[in-house]
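Right, one structure below, let's go through it.
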């Protein structure tokens, strides 16, 4: 019995405590309903109409008062106000998102951004901001947002390149800066994942935009890393497999093989242009050098490659290669990579030849000419010119006299040695 009495007392006490709250609620509802008068509705709607284009916060406040006081109404006016309030509150989410990003509250920002993108999957402002947030956090070694941020960045790039735009490119100053950084973020993430071949074209693309990244040394350091560990590494492996002193699978005979024993080059990169002065490729019989510029951003080249023959054996090129010993052939390679032009620079080739090389070349040319004339019998009457005058009584078979051909050979022998 005492227990029952105690429970009744507790229940009564709780009811008394709850009465003020209930009374206040009922009073508020009553007041709200009482305010739904024609006069108030006209005033609220007029305030909304006056401000919804210029001061949307005032228009929003007036619309909320109207809808709160007249919640049971379903008129063209209330439908229009509900639509405005819905759009305004959704737009406010983007403002709230920006606030959270400014506060570096990234977990809340990415959560709110995901909610916004469910309703507006092509909201470029949100996509750009979250893509940039992923880039910033990755610089701080926080990669927890990378998966979502990379997808947002890719989507933003796709929309921008399809022609879509925004009123403000915040946090970037312009379109090119936005595209450069978003592309660079995707590229560096690809590079860090180990996909050097996939990162290289993205890094080059990022460097082409007129942005601060075009002048950043980090951009070109990453390009160099992607090339060195991607394309260059593969070429180096292929080079070693084919020319590293071993026959490549399916290669020709030993007499058709050229072994390069050394390859080196260094580059200085400035403002997107890689300059090289010391390309060196060596074999026992060939020397290849080079110098010039590779414009990474423009995807073009202006380069001179010089090939010289230093020795010859029967198995490494035979007579034809030996005849070029001492001669260096310069070839200029220029233009965009998809439309390269090649030009043999004969002026450099002749100017670079030593006197001994020119003398040797002349000897070989004269020797070949005389040989052909002797074979045709065109020099039989030159005996007198060479001091070999024959007496009238000399027999053609006399072993004491030499034929003109033999005398010519004797005269030429000293010069052609």
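The values are calculated or read from the model by the stated rules, or taken from the named source; none is laboratory data. Here the structure is a predicted model, which is why all the values come from computation and not from measurement. All Cβ positions, even for glycine, are placed from backbone atoms using ideal geometry, and neighbour counts span all protein chains on display.
Some notes on this structure:
- Extreme residue, nearest to residue 131 (Cα to Cα), among residues of the stretch 173-194 that are touching a residue at least 24 places away in the same chain (Cβ under 8 Å) and surrounded by fewer than 20 Cβ atoms within 10 Å (Cβ to Cβ): 177
- When the stretch 199-218 is filtered for residues that are within 9 Å of the chain's Cα centre (by Cα) and either surrounded by 15 or more Cβ atoms within 10 Å (Cβ to Cβ) or farther than 24 Å from residue 174 by Cα (or both), the ones remaining, listed by number, are 199, 200, 202, 203, 204, 205, 206, 207, 208.
Residues are listed down the side, and each one gets a yes or a no for (1) without any contact (Cβ under 8 Å) to a residue 24 or more places away in the chain; (2) more than 26 Å from the chain's Cα centre (by Cα); (3) in a helix (DSSP H, G or I); (4) not assigned by TED's automatic domain parsing to the domain that holds residue 158:
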{"residue": "101", "(1), (2), (3), (4)": "no, yes, yes, no"}
{"residue": "107", "(1), (2), (3), (4)": "yes, yes, yes, no"}
{"residue": "111", "(1), (2), (3), (4)": "yes, yes, yes, no"}
{"residue": "116", "(1), (2), (3), (4)": "no, yes, yes, no"}
{"residue": "125", "(1), (2), (3), (4)": "no, no, yes, no"}
{"residue": "128", "(1), (2), (3), (4)": "no, no, yes, no"}
{"residue": "131", "(1), (2), (3), (4)": "no, no, yes, no"}
{"residue": "134", "(1), (2), (3), (4)": "no, no, yes, no"}
{"residue": "138", "(1), (2), (3), (4)": "no, no, yes, no"}
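- Scope the stretch 44-59; condition touching a residue at least 12 places away in the same chain (Cβ under 8 Å), part of a helix (DSSP H, G or I) and surrounded by fewer than 19 Cβ atoms within 10 Å (Cβ to Cβ); matching residues: 45, 47, 56
- Inside the stretch 69-84, residues that are part of a helix (DSSP H, G or I) and surrounded by fewer than 13 Cβ atoms within 10 Å (Cβ to Cβ) make up a count of 3.
- Tally of residues being on the phi > 0 side of the Ramachandran plot and crowded, with 17+ Cβ neighbours inside 10 Å across the stretch 125-172: 0
- Condition met for residue 87 (at pLDDT below 95 and surrounded by fewer than 10 Cβ atoms within 10 Å (Cβ to Cβ)): no
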